[in-house]
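Reading through the structure tokens given below for one structure.
The values are calculated or read from the model by the stated rules, or taken from the named source; none is laboratory data. On a predicted model such as this, the values are computed, not experimentally measured, just so you know. For neighbour counting, all protein chains shown are included, and Cβ atoms are generated from backbone atoms with ideal geometry for every residue, glycine included.
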Amino acid sequence: MINLKGKDILDGAQFTREDIDYIMALADDFRTQLRNKPAIDLMRGYILATLFFEPSTRTRLSFETAMHRLGGNVIGFSSAESTSTAKGETLADTIRTVDQYADIIAMRHPQIGSAREAASVAKAPVLNGGDGAGQHPTQALLDLYTIQTELGKVDGTTIVLCGDLKNGRTVHAGVELYKHYKCRLIMVAPDQLKMPAEIVAKLRAHNIQVTETDNLEKALAEGDILYMTRIQKERFADVAEYERLKDSYILTRAMVERIRPNLTIMHPLPRVNEITPDVDTLPTAAYFRQVGNGVFIRMALIAAVMGMPV
Ligand code: NCD
């Protein structure tokens, strides 16, 4: 029995395979229901708070869209400067305050562990929309759901993760989900931005085949999916180091056509330079469909943690 009612969504590692299947099925169900009407009357009167202490376009707006499409209401802020954080209020006090207003909280904050801290003081379920270089579990679920919808399966695929694997929270959360599948991971990064060794070791302990390289072209020749990521400028202490590494990998249409014409191309976005715009019109460029999937997955998560009958 899947019961996510009242649960916080903090970390990719918290999900069982059954949870993942349930959330994806619910997302499919919402997608179908929204084919012939703009909203579903499931969360009427309930309030979602979106607390974004770090920049966001998709995560915040898709949480808000998801709540509106479920018939609920939204309050929140999109920058900490406009809140009492600027006066020195602690995260815990801000969360205790919002807990008096809202039934469910989606948040993003620059500190690793911030969502867990918030969850420890909030009665309302907390959904982690990114805690620094830590985790981003709702993005990981929508990424997995995108692989499932684009390829019809996750098992048996080879997924190439490329870019800033050290600081990228979407890939840190993503691999926690991939470990439930029979897939192979090729991790492409410059030496300075490799996936943390303890994460790789954990995957191998789960019998996931992991290959690490700095050669994107070789990896693409074997990949079914490319999951490209942005070099995470805001996590660098040294600007010069960022400047040196920022253009480590750039995917072009010519590369895809030459090496792997059927490659499914994903990116959590925002992209900076790492995918040239001529890739966008390839039928297998999935990153904007991936954005759309975020709404259905977040509807599913909101409904599940609120224990709504569906
Ligand atoms: C990602 C993030 O914020 O971690 N964006 C997102 O949520 N879609 C990726 C990134 O910022 O590079």
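May I ask you to verify whether residue 138 is in a helix (DSSP H, G or I), hydroxyl-bearing (Ser, Thr, Tyr) and out of contact with any Leu (no Cβ under 8 Å at 6 or more places or on another chain)? Even if it seems obvious, please write down each step before you answer.
On the way: in a helix (DSSP H, G or I): yes; hydroxyl-bearing (Ser, Thr, Tyr): yes; out of contact with any Leu (no Cβ under 8 Å at 6 or more places or on another chain): no.
The answer is no for residue 138.
Scan the range 202-225 and give yes if some residue there is surrounded by 14 or more Cβ atoms within 10 Å (Cβ to Cβ), over 23 Å from residue 285 (Cβ atoms) and within 16 Å of the ligand (Cβ to nearest atom), otherwise no.
No, the range 202-225 contains no residue that is surrounded by 14 or more Cβ atoms within 10 Å (Cβ to Cβ), over 23 Å from residue 285 (Cβ atoms) and within 16 Å of the ligand (Cβ to nearest atom).
Filter the range 224-266 for residues that are part of a loop (DSSP other than H, G, I, E, B) and either more than 24 Å from the chain's Cα centre (by Cα) or farther than 15 Å from residue 189 by Cα (or both) and give the result.
224, 236, 237, 238, 252, 260, 261, 262, 263
Within the range 99-132, take every residue that is under 12 Å from the mean Cα position of the chain (by Cα) and of a type outside the set (D, E, K, R) and give me the one that is farthest from the ligand (Cβ to nearest atom).
127
Does the range 17-30 contain at least one residue that is of a type outside the set (Ser, Thr, Tyr) and more than 21 Å from the chain's Cα centre (by Cα)?
No, the range 17-30 has no match at all.
Take residue 80 and tell me if it is crowded, with 18+ Cβ neighbours inside 10 Å and modelled with pLDDT under 95.
Criteria met by residue 80.
Select from the range 230-284 the residues that are of a type in the set (A, V, I, L, M, F, W, C) and within 16 Å of the ligand (Cβ to nearest atom) and list them in ascending order.
Within the range 230-284, 231, 236, 245, 250, 251, 265, 266, 269, 272, 275 qualify.
Filter the range 163-182 for residues that are within 12 Å of the ligand (Cβ to nearest atom) and either hydroxyl-bearing (Ser, Thr, Tyr) or on the phi > 0 side of the Ramachandran plot (or both) and give the result.
The answer is 163, 170.
Are there any helices (runs of 4 or more DSSP H) wholly within the range 1-113 with 1 or more residues that are closer than 22 Å to residue 132 by Cβ, charged (D, E, K, R) and in contact with a strand residue (DSSP E or B) (Cβ under 9 Å, 6 or more places away or on another chain), and if so which?
58-69
Any residue at all in the range 37-52 that is without any contact (Cβ under 8 Å) to a residue 12 or more places away in the chain and among the polar types (S, T, N, Q)? Full working, then the answer.
Kept after step one, since they are without any contact (Cβ under 8 Å) to a residue 12 or more places away in the chain, are these residues of the range 37-52: 37.
Within this subset, residues satisfying the condition of being among the polar types (S, T, N, Q) are none.
No, every residue in the range 37-52 fails to be without any contact (Cβ under 8 Å) to a residue 12 or more places away in the chain and among the polar types (S, T, N, Q).
Kindly indicate whether residue 185 is within 14 Å of the ligand (Cβ to nearest atom) and at pLDDT 95 or above.
Criteria not met by residue 185.
Between 308, 195, which is buried (at least 18 other Cβ atoms within 10 Å of the Cβ) and assigned to a loop (DSSP other than H, G, I, E, B)?
195
When you scan the range 149-156, do you find a residue that is more than 25 Å from residue 70 (Cα to Cα), buried (at least 24 other Cβ atoms within 10 Å of the Cβ) and either within 14 Å of the ligand (Cβ to nearest atom) or not hydroxyl-bearing (Ser, Thr, Tyr) (or both), even just one?
Within the range 149-156, not a single residue is more than 25 Å from residue 70 (Cα to Cα), buried (at least 24 other Cβ atoms within 10 Å of the Cβ) and either within 14 Å of the ligand (Cβ to nearest atom) or not hydroxyl-bearing (Ser, Thr, Tyr) (or both).
Per-residue answers, yes or no, for (1) within 23 Å of residue 170 (Cβ to Cβ); (2) surrounded by fewer than 18 Cβ atoms within 10 Å (Cβ to Cβ); (3) not polar (S, T, N, Q):
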{"position": "4", "(1), (2), (3)": "yes, no, yes"}
{"position": "51", "(1), (2), (3)": "yes, no, yes"}
{"position": "62", "(1), (2), (3)": "yes, no, no"}
{"position": "103", "(1), (2), (3)": "no, no, yes"}
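Write out, first by first residue and then by second, each pair whose Cβ atoms fall under 7 Å of each other, whose residues are 6+ apart or on separate chains, and whose first residue, in the range 161-187, is over 19 Å from residue 11 (Cβ atoms) while the second is within 11 Å of the ligand (Cβ to nearest atom) and of a type in the set (D, E, K, R).
Listed by first residue and then by second, the contacts come to 163/230; 163/274; 164/230.
Identify, please: which residue in the range 6-49 is surrounded by fewer than 21 Cβ atoms within 10 Å (Cβ to Cβ) and among the small types (Gly, Ala, Ser) and is, among those, nearest to residue 233 (Cα to Cα)?
13
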